[in-house]
Structure formats: structure tokens, C-alpha cells
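The values are calculated or read from the model by the stated rules, or taken from the named source; none is laboratory data. No experiment lies behind these values; they were computed from the predicted model shown. Glycine gets a Cβ as well: all are built from the backbone with ideal geometry, and neighbour counts include every protein chain shown. Areas reflect the complete protein model, heavy atoms only, side chains present, ligands, DNA and RNA absent. Shrake-Rupley method; radii C 1.70, N 1.55, O 1.52, S 1.80 Å.
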Amino acid sequence: MLARMSSEPEQQIGVGSPDAFQRLWTPHRMAYIQGENKPSGPGAGDGCPFCTIPDKSDEDGLVVARGERVYAVLNLYPYNGGHLMVVPFRHVADYTDLTDEETAELADYTKRAMKALRAASGAQGFNIGMNQGAVAGAGIAAHLHQHIVPRWGGDTNFMPVVGHTKVLPQLLADTRRMLAEVWPAS
């Protein structure tokens, strides 16, 4: 591909004015952008994906590990390779509504996720957090979930900054299998 690149402007039909940029099309992201498979309402029975994932096999649901009260799952639309979420089994929207036991296991699974990501991919840092409510950026506000995003030196390059595109080096199924194999027992 690089051999074909030149600094001369190239007309690419349908993308606007000619320029020196090549385009990386990611049409699979359109499902996320258009809200495909988003819940129709706030209830557990309104199509909440976090309520249906536990009924699937680990492979089909991209589940890395299951606890008594929470589970760890790969993000279907990751910010970085290995982007995990820790999700309570119970359909609950607000962090303050978690039981003490759910809070403790959510914290424990966050620590395990960090250990697994370090072991599997050499993650050098993490962004960890949750968006509470749609106005705070929660894509699925009705079911609490904590993000664990692994980071590496230099992982923010021109692709996300200029191209608004993430390049993921591995299929999600392969990432799930790799993390499940190194998931700490306790």
C-alpha cells in the first residue's frame, strides 16, 4: 500500500476536494454511530445488551471472566485494543445504587483486568472510568459499566487525532481468548 502512496493529490470520488490523504474506511463503525442494538428504553427488558451478554457463551458475548455479581467483557467498539468493561449482572444505572458486595467485586475485577492486560499485552498505563448518565457520555446509560482502556507510550498517533480512526491489531475474539487465558484467579 505504501508503494502506491504519493504526495500528489488524488481524486477520490465521493470524498470532497482532492487532497494528499488516503482514506481508511471503517463502515462497521456505522452500526455504533447509528445506535444499532441500543436499548429502546431504560428497563432491563428493553434490549439492554449488558443484560443479554451473560446469556451467551463467553466467545459469543466476548466475555473474558465472570464473577458472582459482575463480569468482564470486551468493548465491541473499543478505544484501544484490549478495551474491557466491568459490568454488574444486575441492571442498575447509578454507581450509588450498587450494593457493597457489587462495588467490591467491581473494584476487584477492575484490578484483575489491569493485571490481565499487563500480562497479555504489556499495557503501560490505563484510562479507567465510567460515564454516569447520557449527558456524561454514557452510550448505554441505563446499565452501569466501568471502562478499562489499556494505554502504551505513543499509542495516540495521527490516526485518531487526524483520521478519527483507531487501528486495532487483533480480532476481538483473539483478544478475548488471550485475556481469558491470563485472567488472575484472585
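Details
- Taking the numbered list (1) more than 27 Å from Gly45 (Cβ to Cβ); (2) over 18 Å from the mean Cα position of the chain (by Cα); (3) touching a residue at least 12 places away in the same chain (Cβ under 8 Å) in turn, Gln124 passes all entries but (2).
- Thr96 being modelled with pLDDT of 95 or more, of a type in the set (S, T, N, Q), farther than 22 Å from Lys56 by Cβ and surrounded by 15 or more Cβ atoms within 10 Å (Cβ to Cβ): no
- Residues in the range 38-78 that are open to solvent by 80 Å² or more (accessible area, probe 1.4 Å), in contact (Cβ under 8 Å) with a residue 12 or more places away in the chain and either assigned to a helix (DSSP H, G or I) or over 18 Å from Leu172 (Cα atoms) (or both): Lys38, Pro42, Glu59, Glu68, Arg69.
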